[in-house]
Amino acid sequence: MALDQDACYEALKSKDGRFDGQFFVGVSSTGIYCRPICHAKLPKRQNCTFFESPAQAEAAGYRPCLQCRPELAPGMAPVDSERTLAKKAARLLREECGSSIDFGAFAGRLGYTDRHLRRAFTDEFGVSPNQYLQTCRLLLAKQLLTTTDLRVSHIAEMAGFGSTRQFNEIFKKHYNLTPSSLRHGRHAPKDGESIDVELDYRPPFAWDRLLDFLEMRAIPGVEVVRDGAYFRSARLPDSHGEMARGWISVMPQEGRNRVIVRVSSSLLGVVPQVIARVRHQFDLDCNPVAIDEGLQGFAEQFPDAYLAGTRLPGCFDAFEMCVRAVLGQQISVKGASTLAGRVAERFGTPLDAPIEGIKHTFPSAQEIADLGDKAQDELGSLGIVGARTRTICSLAQAISGGSIDLTYGADPSVTIPALVELPGIGPWTAHYISMRATGNPDAFPATDLGVKKALEGFSQKEIENIAEGWRPWRSYATINLWSH
């Protein structure tokens, strides 16, 4: 899409963090491209060219700024464009950039031919999927070189380069720097140490509201909220198909529009996936300006409920969140968390984490599906009623078998009907799962008791009619109502 170059320059002059990640500026006099929040001297208008993505800027011959660090910029949420295929492909490339990617097979996973994907991707981003992937790998490597003490060879492997030599050559060619020049003499980490990864977001950010939501629904043994930070166990497949298990923590950095993600050394092989999932869970790619504009009517009608910067709580693991949602259908929030904790303790994998309260990882959909006919009896022995055990087993089979797509950005017009077809899942649960698992910004569980309580005095029909005015941000309106 063509950017309004003059409008972008006005936004650049403002240095407003709300524009961060929405465009990048290439400066011809320096050969550098920057984020709109960069504190470097404002370049002259005639020296500026504006791009939608780092990949476009790098394809035009610009190198990333070492001061504002484009690799930290928030990305694009699913609703930022109607071109959902290209957007979903871009998100998957960012998440899987550490792995070897066959673009023919990659396009097939998305349900399209390689040729169609390349055409749609180029129309949207101005570069090919392969160019975009290479930029993702370079920026991930640059981030790890700048913020961690990992060996260069290890970073090359994590970022998806075939060899350290190849990494050095491509890095120097694109950035006119050697990887070691960013290290400043730091040493490699000892076994068992963690690394910190920085992720930026657009302000405002109602951190406490998001953390309260996650704390109320935290699964014992898997998640902990303490001292203004979020801790959890993690289970992710690496590029070799092996399961990596470890822990992460997420906390805001004081005085910056940034969160610090601490990742255990056992998860270093899946850092791109960790970054993608944290961005989703904490809605770090959210555009608060668009939401404020879209929910202006909501804010005027319910001023006590609306809080600028409210984020849509996503999830780190879709199956884990689905199980928690099913268990909470007709019992209290606390009761559902207790049952989910029993599931994790019985079927999850023990984890030796240096964080009080983190004891095991949650089981995968495949692990529950592999229980076969024993699954319902095993789940029932934990105090889960028969209707819920059948629903959990159906979800496990559907997710592990690939018949339901609950990845971030999945099409809600496909996902919600598919969920409702499963036993024990009605419209409320389907919309809730679509909201949190896929990042659907326009889900609306109209029959929810919390929504009805917040909108006391309105009939069901009136609630549904009022909510039509909140499109396409009904999920954000719902979170505001629940918090209120």
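The values are calculated or read from the model by the stated rules, or taken from the named source; none is laboratory data. Computed from a predicted model, the values in this text were never measured in an experiment. Please note: Cβ atoms are built from the backbone with ideal geometry, for glycine as well, and neighbour counts cover all protein chains shown. To get the accessible areas, we keep the full protein, side chains included, count just its heavy atoms, and leave off ligands, DNA and RNA. Shrake-Rupley method; radii C 1.70, N 1.55, O 1.52, S 1.80 Å.
The table for this structure:
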quantity	calculated
Shape call, region 186-344: gyration tensor on alpha carbons, a/c limit 1.5	oblate
Per residue, the convex hull volume that the Cα atoms of region 432-473 enclose (Å³)	63
Debye-sum result for region 235-313 in log10 I(q)/I(0), which assumes one identical scatterer on each alpha carbon, at q = 0.21, 0.24, 0.26 Å⁻¹	-0.96, -1.11, -1.21
Spin-label model distance (nm) - Ser181 vs Ala105, 7 Å beyond Cα toward Cβ	3.7
Shape call, region 293-351: gyration tensor on alpha carbons, a/c limit 1.5	prolate
Hypothetical label at Asn130: residues of region 148-167 whose amide nitrogen lies under 18 Å (7 Å Cα-Cβ projection)	160-163, 166-167
Relative contact order for the chain, counting Cα pairs under 8 Å that sit 6 or more residues apart, in percent	12
Prolate/oblate/rounded label for region 244-286 (Cα gyration tensor, a/c 1.5)	oblate
Chain lengthening between Ser413 and Thr447 when straightened (0.36 nm per residue, less Cα-Cα)	10.3 nm
Accessible area of the chain belonging to carbon and sulfur atoms, whole % at 1.4 Å probe	49
For region 403-484, alpha-carbon Rg relative to the globular expectation (2.2 N^0.38 Å, N residues)	1.08
Built amide H within the under 5 Å cut-off of Arg63, gap 5+	Ile32, Tyr33
Nitroxide proxy distance, nm - points 7 Å out along Cα→Cβ at Ser459 and Thr113	5.3
Structure-based [θ]222 nm, the chain - -39500 (n - 2.57) summed over DSSP H runs of at least 4, per residue, nearest 500	-13000 deg cm²/dmol
Given (1) 72, 70, 55; (2) 88, 54, 49; (3) 66, 52, 47, the label whose value is Cα extents along the principal axes in Å derived from this model	(3)
Arg165 paired with Arg258, simple spin-label distance in nm, labels 7 Å along Cα-to-beta-carbon	3.6
log10 of Debye I(q)/I(0), alpha-carbon scatterers only, for region 123-180 at 0.16 Å⁻¹	-0.46
Too-long pairs where the Cα-Cα distance tops 30 Å, listed order kept, from Lys334/Lys452; Lys88/Lys452; Lys44/Lys173; Lys41/Lys173	Lys88/Lys452
Region 294-435, Rg to Rh (Cα coordinates; Rh as Kirkwood inverse mean 1/r)	1.02
Cβ-isolated cysteines (cut-off 4.7 Å), the chain	Cys8, Cys48, Cys286, Cys315, Cys322, Cys393
Sites Lys334 and Glu293, calculated FRET efficiency, Cβ-Cβ separation with R0 41 Å, nearest 0.05	0.65
